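Engineer: Okay, here's the structure, questions in a sec.
The values are calculated or read from the model by the stated rules, or taken from the named source; none is laboratory data. This structure is a prediction, so every number in the text was calculated from the model and none was measured. Cβ placement follows ideal geometry from the backbone for every residue including glycine, while neighbour counts extend to all protein chains displayed.
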Amino acid sequence: MTGNQPWNEDRARATIAPHAAAPGGLLPALHALQGEFGFVPKPAIVLLAQSFNLSRAEVFGVASFYHDFRLDGPAGTHVLKLCRAEACQAVGAERVAVVAQARLKLGWGETGADGAWTLQPVYCLGLCASGPSAMLDGEPVGRLDEAKLAELIEQAAP
């Protein structure tokens, strides 16, 4: 069972254990916890620190550095990541962002109360030549404009 399971310390310890002895195991352990719970719950930071002989601050620093780790709760059913880097900004990313925020009724980093959507800013998707760019549910999208964004949201909606 994986996904958005409720917090369970025993399950968390079992999820961390295979990675604790491996060199560089902290990142795989963070990924595994997020896979299990849908995010990295705060109590897991303490377990990770104990398992890897690190301070809680060190573990939190790693988890908060990488934008794909969620610390405040699971992501929505659909995750829209909009590129905010300069190359995308130069070709209209701000207009797309305004439309996305209005249409989804979300600010950056927010998940809707119904759990349907999460809107995340990212600072490069590697699609600089085809900006504005986005990633919807793990699939890259280039040459995004307001109409294409509206169509993507409509197609993804339940």
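Engineer: Can you tell me which residue is surrounded by the most Cβ atoms within 10 Å (Cβ to Cβ) among those in segment 34-82 that are under 27 Å from residue 106 (Cβ atoms) and among the acidic types (Asp, Glu)?
Structural biologist: Result: 36.
Engineer: Sort through 88, 124 and tell me the only one that's assigned to a loop (DSSP other than H, G, I, E, B) and more than 20 Å from residue 38 (Cβ to Cβ).
Structural biologist: None of the others qualify; the one that does is 124.
Engineer: Considering only segment 111-124, I want to know if a residue exists there that is exposed (fewer than 14 other Cβ atoms within 10 Å of the Cβ), over 30 Å from residue 56 (Cβ atoms) and more than 19 Å from the chain's Cα centre (by Cα).
Structural biologist: no
Engineer: Give the residue, chosen from 106, 119, 152, that is of a type in the set (A, V, I, L, M), in a loop (DSSP other than H, G, I, E, B) and either more than 23 Å from residue 87 (Cβ to Cβ) or not assigned by TED's automatic domain parsing to the domain that holds residue 39 (or both).
Structural biologist: 106
Engineer: Oh, and also: Conditions: (1) under 29 Å from residue 128 (Cα atoms); (2) part of a loop (DSSP other than H, G, I, E, B); (3) in contact with a strand residue (DSSP E or B) (Cβ under 9 Å, 6 or more places away or on another chain). Residue 80 meets all but one. Number of the miss?
Structural biologist: Every condition holds for residue 80 apart from (2).
Engineer: For segment 91-103, enumerate the residues that are under 18 Å from residue 130 (Cα atoms) and either part of a helix (DSSP H, G or I) or not hydrophobic (A, V, I, L, M, F, W, C) (or both).
Structural biologist: 92, 93, 94, 95, 96, 97 - these are the residues of segment 91-103 that are under 18 Å from residue 130 (Cα atoms) and either part of a helix (DSSP H, G or I) or not hydrophobic (A, V, I, L, M, F, W, C) (or both).
Engineer: Answer yes or no: is there a residue in segment 50-58 that is of a type in the set (D, E, K, R) and in the same structural domain as residue 133 (by TED's automatic domain parsing).
Structural biologist: No: zero hits.
Engineer: While we're here: So in segment 83-110, with the set limited to residues that are touching a strand residue (DSSP E or B) at 6+ places or on another chain (Cβ under 8 Å), within 25 Å of residue 4 (Cβ to Cβ) and not small (Gly, Ala, Ser), which one is surrounded by the fewest Cβ atoms within 10 Å (Cβ to Cβ)?
Structural biologist: 108
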